[in-house]
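Q: Here's a structure for you.
The values are calculated or read from the model by the stated rules, or taken from the named source; none is laboratory data. A quick note: this is a predicted structure, and the numbers were derived from the prediction, not measured. FYI the Cβ positions are ideal-geometry reconstructions off the backbone, even for glycines, and counts take in every protein chain you see. Quick note on the areas: whole protein, heavy atoms, side chains included, nothing else; ligands and nucleic acids left out. Shrake-Rupley method; radii C 1.70, N 1.55, O 1.52, S 1.80 Å.
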Amino acid sequence: MKQRPVAATAVVCLGLYLLGMDLTIVNVAIPSLQSQLKPSMAEVQWIVAGYGLALGGTVLTAGAVTDRIGRRRAFITGLTVCGAASVLGALATAPGQVVGARCGMGAGAALLMPATLSIITDLFHQPLPRRRAVAVWGVVGSSGAMTGPVVGGLLVQHCSWRAGFWVNVPLVVVTIALAWWLVPRGAAVRVRRLDVPGAVLSGAGLLLAVWALVEAPTRGWTSPAVVAAGVAAALALVAFVFWQNLSAHPMLPLAALRDVRLSGGAAALALLTFTVIGALFVLTLYLQGVLGYTPWQAGVRTLPLTAAMGTGALAALPVLSRGGKKATVVLGLMFVTAAFAVLAGTTASSGYLRLLAFQLAAGFGTGLVGLAGTEAVMSSVPPGRAGLGSAINDATRQVGAALGIAVQGSLLTTFYHSHLREELAPARLRPAQLRLLTEGPPGAPRPPSRLPLYAQHFLDDAVRTAFARAMSATALAVCAVTLAATATAAALSRLPHSRRQRFLSRLRGRPSGRSPVPPYASAPAAAAPPD
């Protein structure tokens, strides 16, 4: 069949849009879901972060599967799994079932996402058309994530939170049909057997780390369960690194990370999603809990972030051509840092304009870093292993997103409970009343029935003020992280190439000089198996 690059890219981007939308579509549905299923704050964070965690924890293995079975087959299989899990989520009757469905959707997305970028890499061989296609890929994926709250808000307001799962089913069916018709099969690569121990160790390490971060505000940061989970996560991830060095068929060839383009691009993408996706989770709570918008109104007010991301991705094309990848990443991180500095000044009476300024600056910086980071990762792997490069690109994005939601959500909860106690101190509430008011999720405490009705206005003001202070403190912490990353990237970009290579080699504990050819570089290609 003759290749139709533009049509095939459109189909791939439709699947990618679905994937991005699923990442955030439940954000604005949380209040409605809470009123029906009564999840705890930890379960709320699992519902939001479980999708990205499952995606990030399995996408490296999925990248190897993509190279093994062919890109179109992996793309269609991932869509099928996402559709089946969406049906289970729509029929859920308990919070745990929703969490399971979200994780199932993430596992399906792990197969779908590496295939999307691999297919585009196969379709466009010239640098400039490929760079433009990757820019469109990045804008569509980000648009899905950013418009998820809008679609979710509209469905929740006119239907129910379950509609956020049902909407996937017709989209999945249409995309699968178009993929069979328009997307070429692509070439498969003869690879050794899958690295099952590596997949188990990496997945367990990420799962335990996120569990500890999510449960810490409720159980306490020094509780035995949280400390044990944190230690176990560290041990699992260290064991994963050792196993990748020993295995003859590693899931993540560590030799590939010696390439500064790949490791630097992956680090930038992880930081990007850690900051922006985590902040989006916090913003949707603020828009509804403090500013009083409906789910749909809150979703619409996150659209400027999408528009700014698209603008940033388009602006990255000439910046990349003139300044290179490192300069583009530094410039993008500067915009993101400035955005969080603006957000850190938020108060309960700030209104929407400050959030708009944050979204415009953060979105533009995200577009710049996203395209430069993806270009750096994909240009560092051979065409025959585009699935591996795409998996690394996607894994860093999704792990960063899951950790961003977990870390920023946990910081928000911790700061909120502390500030709410301070705001309620003048009321001289009894310990039992204070404990009941401050144990709920941020922005939605339920007053005890014995609390006088005339105190409700005071309570609402205390909640809004405490939440705004908590969001400001969380944004300030993230701003410090991005500022340090920007300064480091700027310093490294100014070093001459030889000195930068020696510095990075010392960090890795290896002698400087030319890196050996990665073990995956010579993998022979073979014809794809019949679909």
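Q: I need the calculated FRET efficiency for the pair Leu237 and Tyr352, taking r as the beta carbon distance and R₀ as 45 Å, to the nearest 0.05.
A: On the way: r = 40 Å, r/R0 = 0.90.
Using R0 = 45 Å, I get an efficiency of 0.65.
Q: Label Gln36 and Gln126 with points 7 Å out from Cα along Cα→Cβ: what is the distance between them in nm?
A: My value for the distance between the label points is 5.1 nm.
Q: Decide, for segment 231-337, between rounded, prolate and oblate: order the square roots of the alpha carbon gyration tensor eigenvalues as a ≥ b ≥ c, take rounded if a/c falls under 1.5, and otherwise choose prolate if a/b is larger than b/c, else oblate.
A: It comes out oblate by the Cα gyration axes.
Q: Would you please put 5-14, 227-236 in order of how densely packed they are, using the mean number of other Cβ atoms within 10 angstrom per residue and starting with the highest?
A: 5-14, 227-236
Q: Here's another thing I want to ask about it. Stretch Arg4-Ala477 to full length: gain in nm at 0.36 nm per residue minus the Cα-Cα span?
A: That works out to 165.6 nm of additional length.
Q: Oh, and also: At a 1.4 Å probe radius, carbon and sulfur cover how many percent of the accessible area of segment 50-178?
A: 73 percent
Q: Then there's this: From largest accessible area down, sort Val140, Val276, Val196; use a 1.4 Å probe on the protein chains. Please report the intermediate quantities before stating the final value.
A: Numbers: Val140 30, Val276 10, Val196 90 Å².
Per-residue accessible area, sorted high to low, gives Val196, Val140, Val276.
Q: Can you give the convex hull volume per residue for the Cα atoms of segment 1-86, as a whole number of Å³?
A: 106 Å³
Q: I've got another one for you. Which order do the peptides 91-101, 399-409 come out in when sorted by mean C-beta neighbours inside 10 angstrom, highest first?
A: Put in order of decreasing packing, that is 399-409, 91-101.
Q: Follow-up question, since we're still on this one. Only sites in a loop by DSSP and with at most 14 other Cβ atoms within 10 Å count here; which trypsin sites (Lys or Arg not before Pro) in segment 1-73 make the cut?
A: Details: sites: Lys2, Arg68, Arg71, Arg72, Arg73; in loops: Lys2.
Within segment 1-73, the qualifying trypsin sites (Lys or Arg not before Pro) (loop, at most 14 other Cβ atoms within 10 Å) are Lys2.
Q: Between the alpha-carbon centers of segment 315-362 and segment 20-45, tell me the distance in whole angstrom.
A: 28 Å
Q: Say each of Asp461 and Ala307 gets a label point 7 Å from the Cα, pointing the same way as Cα to Cβ; how far apart are those two points in nm?
A: 3.5 nm
Q: Another question, if that's okay. Subtracting the Cα-Cα distance from 0.36 nm times the residue separation, let me have the gained length for Leu88 to Cys159 in nm, one decimal. Don't skip to the answer; put the middle values down first.
A: Working: separation 71, 0.36 × 71 = 25.56 nm, distance 1.76 nm.
Fully extending the segment from Leu88 to Cys159 adds 23.8 nm.
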